[in-house]
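Notes follow the structure.
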Amino acid sequence: MYDDIDKKCISTLRMLAIEAVEKAKSGHPGFPLGAAPLMYTIWDRFMEHNPSNPQWENRDRFILSAGHGSALLYAMLHVSGYDLSVEELKNFRQWGSKTPGHPEYGHTVGVEATTGPLGQGFAAGVGMAVAEKMLAARYNQPGYDDIVNHYVYGIVSDGDLMEGVSGEAASLAGTLGLGKLIYLYDDNHITIEGDTNIAFTEDVEKRFQAYGWHTVRVGDSEYVTAIEESIRQAKAATDKPSLILVRTHIGYGSPKQDTAAAHGEPLGTDAFVKTKEKYGFSSSEAFTVPNEVWEYFSQNRKKWATWEHVWNLRWEKYRQAYPELASELAARWQGDFDVPEEYLQKLFTKTASTSTREASGVILQKLAEMLPALCGGSADLAPSNKSYINEAGDFSAATPEGRNLHFGVREAAMTAVVNGMALHGGFIPYGATFLVFADFMRPAIRLAALMGTHSIFVLTHDSIAVGEDGPTHQPIEQAMSLRIIPGLNVLRPADALETAAAWRVAVNARKPVALLLTRQKLPVLHDYASAIEQGAGKGGYVISDSPKARLSLLATGSEVSLALSAQKALNAEGISARVVSLPSWEMFDAQSEEYRSSVLPADIPALAIEAGTPIGWSRYTGSEKNVIGLDRFGASAPGDVVYEKLGFSINNILDKAREILGK
């Protein structure tokens with residue numbers, strides 16, 4: 001099975017994990033008891049990392065996609081020497097601890113991705129493997145093929161493999177030949193409702209073989225040598241990602257072994273005591289690590305530090321041999337992505353009319369010239385999204401140096417893969433599709449916001465002006481549903497000039513950004529260029545003022561030019577109005593109260609205009625009655641017809657303005 005020290009280390013991990021769960025009276029003891037040999041084998045035999053420098057650029061990455069088993073990961077981090085004390089293990093799932101219920105990136109050192117929503121870690125790991133392969137293709141040179149050379153390991157569960165996002169990501173990973181992606185499948189046959197055969201009877205191995213993965217079966221998780229050999233075989237399969245199917249037993253060694261009761265609740269006092277005694281640990285002592293286990297891992301820490309030291313020596317030689325490439329790579333690792341404000345100012349000086357998606361496409365080419373880190377692709381919609389980087393090549397199994405990713409019709413996986421690339425570091429990744437399909441992307445967008453990843457989501461065809469495709473393709477609630485996600489910056493630019501400002505925000509943001517862009521052409525607001533230049537970066541600003549304004553017209557995106565036309569009509573009637581462009585609620589709300597009050601004075605009534613749900617606009621207008629929006633789905637007809645029929649016309653704005661002002 002394993003050496004005596006292996007047994008002691010694995011047993012220690014098991015006990016630390018179940019003790020954390022039992023003390024918290026909350027958590028999942030079954031996974032740590034069953035999967036500890038998998039975790040230990042990866043970390044002890046294969047993981048190249050350094051707890052003394054958790055951000056070492058060429059470290060192997062580990063993803064616990066089965067995030068409910070977090071107690072096992074925390075135990076592993078603790079004994080490995082990461083900054084995670086035994087007190088933190090004792091405070092598992094408690095307020096302010098570094099050991100939350102599911103692993104959280106940026107909260108606990110050594111956690112590479114926030115996991116818990118099943119399938120998301122699986123897909124994010126695919127993104128990390130893409131990142132490694134793309135960086136290696138660009139920066140490794142003859143004699144220096146180890147500058148970027150690391151693996152992505154992970155443990156995945158039945159639940160991960162049932163979720164659709166993992167199927168999408170697995171299919172993509174097989175197509176791309178991601179040979180440095182190795183997942184161990186905790187095949188314990190149990191989910192919350194019971195045996196997996198009630199809902200999950202497929203042959204997982206054959207499915208992954210069909211995806212193009214290398215697969216290996218290990219019949220007994222207690223045989224560390226068998227797990228070790230299977231990982232070595234996986235590393236030898238350099239042209240395929242690998243899934244190692246390990247037959248495990250949930251709650252191994254406890255009275256609740258192989259039952260659903262071991263999954264999502266503490267063992268309980270009696271079963272807990274019996275389990276500890278079975279593994280040779282005293283029930284009267286808690287959170288103990290035997291001296292021989294500490295000593296074993298202290299030797300590992302020396303080994304891990306040596307690996308980084310050797311790499312650092314190679315890196316210094318590489319810097320001397322390839323100074324330009326080394327400088328570029330170092331800048332990418334450090335996140336040095338700033339784009340000067342003046343860089344994009346003169347792109348559209350002669351443009352009379354263009355859609356914001358087309359403007360975005362022009363900007364993307366310019367940004368790609370100066371930012372090697374900018375890369376991404378579309379869910380099979382690049383010609384429509386204008387999201388293809390010209391002359392940059394396609395990323396594929398045969399051409400990993402390309403910067404354009406073809407995600408296929410896989411919005412869910414695309415978004416999680418983009419997050420994984422951002423988590424890996426060295427990239428400004430983007431994924432593109434239609435705004436209405438943000439519904440497929442939402443779980444991963446939410447995680448991007450939770451993690452604070454530098455992910456960019458390009459979402460075009462942003463309103464009912466899509467036209468003939470009809471209500472299935474016309475977003476109504478999507479913009480607002482994205483705005484309510486904390487930490488996500490949603491920008492809906494009014495024209496090409498605001499689009500340039502939005503892209504500058506996106507590449508400099510160091511946080512997730514969603515760009516909502518039109519299909520239909522819009523006038524380029526040259527007459528307001530100065531106001532746009534000064535105000536767009538603040539999220540909201542007065543794009544056109546009037547003396548003694550009696551009404552503020554608030555608008556975003558395509559409705560800004562409509563509001564400007566309505567302003568002229570109101571002024572002609574003797575009603576002085578100002579127009580406020582509000583491309584980003586989040587950025588505007590972050591401004592000082594003094595600035596916000598100058599843009600939206602409390603003593604001037606406001607009318608909001610947006611081709612979407614009116615819900616939420618009352619924060620600026622005081623009432624949803626003061627909104628021209630949509631409380632219904634769209635319709636199939638030419639875009640301009642749908643737009644006008646559903647109330648987005650100068651006459652309707654005038655009528656509503658008169659109503660608000662009592663005229």
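Every residue in the range 126-165 that is buried (at least 20 other Cβ atoms within 10 Å of the Cβ), part of a helix (DSSP H, G or I) and aliphatic (A, V, I, L, M), please. Selection gives Val126, Met128, Ala129, Val130, Ala131, Met134, Leu135, Leu161, Val165. Considering the conditions (1) within 21 Å of Glu358 (Cα to Cα); (2) open to solvent by 10 Å² or more (accessible area, probe 1.4 Å); (3) part of a loop (DSSP other than H, G, I, E, B); (4) not acidic (Asp, Glu), Pro486 is excluded by exactly one of them, (1). Residue check: Ala500 meets all listed conditions (1) assigned to a strand (DSSP E or B); (2) crowded, with 22+ Cβ neighbours inside 10 Å but one, namely (1). The set of residues in the range 552-590 being on the phi > 0 side of the Ramachandran plot and either in contact (Cβ under 8 Å) with a residue 40 or more places away in the chain or surrounded by 22 or more Cβ atoms within 10 Å (Cβ to Cβ) (or both) consists of Gly557 alone. Report yes if Trp56 is of a type in the set (Phe, Trp, Tyr), over 22 Å from Ile445 (Cβ atoms) and open to solvent by 10 Å² or more (accessible area, probe 1.4 Å), otherwise no. In short, no. In the range 334-366, of all residues being in contact (Cβ under 8 Å) with a residue 12 or more places away in the chain, within 22 Å of the chain's Cα centre (by Cα) and surrounded by fewer than 17 Cβ atoms within 10 Å (Cβ to Cβ), the one that is nearest to Pro523 (Cα to Cα) corresponds to Asp338. For the range 166-194, the tally of residues that are more than 26 Å from the chain's Cα centre (by Cα) and in a loop (DSSP other than H, G, I, E, B) stands at 4. For the range 236-250, the criterion of a residue being open to solvent by 20 Å² or more (accessible area, probe 1.4 Å), within 18 Å of Lys25 (Cα to Cα) and either of a type outside the set (S, T, N, Q) or assigned to a loop (DSSP other than H, G, I, E, B) (or both) is satisfied by no position. Residue count for the range 441-477 satisfying the condition of being over 17 Å from the mean Cα position of the chain (by Cα), farther than 21 Å from Ala563 by Cβ and among the polar types (S, T, N, Q): 2. Among the residues of the range 269-287, those identified as part of a loop (DSSP other than H, G, I, E, B) and without any contact (Cβ under 8 Å) to a residue 12 or more places away in the chain are Ser282, Ser283, Ser284, Glu285. Close contacts from the range 539-551, counting a first residue that is within 21 Å of Lys656 (Cα to Cα) and a second that is of a type in the set (Lys, Arg), with Cβ to Cβ under 8 Å and a gap of 6+ residues or different chains, come to Val542/Arg578; Ser544/Arg578; Asp545/Arg578; Ser546/Arg578; Ala549/Arg578; Leu551/Arg578.
When we screen Pro547, Pro601, Pro605, Pro614 for residues that are open to solvent by 20 Å² or more (accessible area, probe 1.4 Å), farther than 26 Å from Thr518 by Cα and in contact with a Leu (Cβ under 9 Å, 6 or more places away or on another chain), the only hit is Pro605.
Go through the residues of the range 7-19 one by one and say whether even a single one is closer than 30 Å to Lys133 by Cβ, β-branched (Val, Ile, Thr) and in a helix (DSSP H, G or I).
Taking the range 7-19 and keeping what is closer than 30 Å to Lys133 by Cβ, we get none.
Within the range 7-19, none of the residues are closer than 30 Å to Lys133 by Cβ, β-branched (Val, Ile, Thr) and in a helix (DSSP H, G or I).
With the condition kept exactly as written, say whether any residue in the range 167-175 is in contact with a strand residue (DSSP E or B) (Cβ under 7 Å, 6 or more places away or on another chain), crowded, with 21+ Cβ neighbours inside 10 Å and aliphatic (A, V, I, L, M). So far as the range 167-175 goes, yes, one or more of its residues are in contact with a strand residue (DSSP E or B) (Cβ under 7 Å, 6 or more places away or on another chain), crowded, with 21+ Cβ neighbours inside 10 Å and aliphatic (A, V, I, L, M). Any idea which residue in the range 21-58 is farthest from Thr225 (Cα to Cα), counting only those that are among the aliphatic types (A, V, I, L, M) and in contact with a Gly (Cβ under 7 Å, 6 or more places away or on another chain)? Applying the filter and picking the extreme gives Val21. Filtering Phe407, Phe395, Phe437 for residues that are over 21 Å from Arg332 (Cα atoms), touching a residue at least 40 places away in the same chain (Cβ under 8 Å), surrounded by fewer than 24 Cβ atoms within 10 Å (Cβ to Cβ) and among the aromatic types (Phe, Trp, Tyr) leaves a single hit, Phe437. The set of residues in the range 20-61 that are in contact with an Asp or Glu (Cβ under 8 Å, 6 or more places away or on another chain) and assigned to a helix (DSSP H, G or I) comprises Phe31, Gly34, Ala35, Pro37, Leu38, Tyr40, Thr41, Asp44, Arg45, Phe46. Residues of the range 617-648 that are without any contact (Cβ under 8 Å) to a residue 24 or more places away in the chain, at negative phi and open to solvent by less than 30 Å² (accessible area, probe 1.4 Å): Val627, Gly629.
Checked against the criterion of being at pLDDT 95 or above, closer than 30 Å to Met451 by Cα and either touching a Cys at 6+ places or on another chain (Cβ under 7 Å) or open to solvent by 10 Å² or more (accessible area, probe 1.4 Å) (or both), the range 506-528 contains one or more residues that satisfy it. Gln94 meets all of the listed conditions (1) surrounded by fewer than 20 Cβ atoms within 10 Å (Cβ to Cβ); (2) in contact with a helix residue (DSSP H, G or I) (Cβ under 6 Å, 6 or more places away or on another chain) but one, namely (2).
When the range 537-567 is filtered for residues that are in a loop (DSSP other than H, G, I, E, B) and over 35 Å from the mean Cα position of the chain (by Cα), the ones remaining, listed by number, are Asp545, Ser546, Pro547, Lys548, Ala549, Arg550.
Considering only the range 448-457, I want to know if a residue exists there that is under 20 Å from Asp160 (Cα atoms) and surrounded by fewer than 24 Cβ atoms within 10 Å (Cβ to Cβ). Looking through the range 448-457, at least one residue is under 20 Å from Asp160 (Cα atoms) and surrounded by fewer than 24 Cβ atoms within 10 Å (Cβ to Cβ).
If you go through the range 255-270 and keep only what is out of contact with any Gly (no Cβ under 8 Å at 6 or more places or on another chain) and among the hydroxyl-bearing types (Ser, Thr, Tyr), you end up with just Thr269. Within the range 193-227, the set of residues being open to solvent by less than 40 Å² (accessible area, probe 1.4 Å), among the hydroxyl-bearing types (Ser, Thr, Tyr) and closer than 15 Å to Leu161 by Cβ comprises Thr196, Thr215.
The values are calculated or read from the model by the stated rules, or taken from the named source; none is laboratory data. Fair warning: this is a prediction, and the values are worked out from it, not measured in the lab. Note: ideal-geometry Cβ built from the backbone for every residue, glycine included; neighbour counts use all protein chains shown. For accessibility, only protein heavy atoms count, side chains too; no ligands or nucleic acids. Shrake-Rupley method; radii C 1.70, N 1.55, O 1.52, S 1.80 Å.
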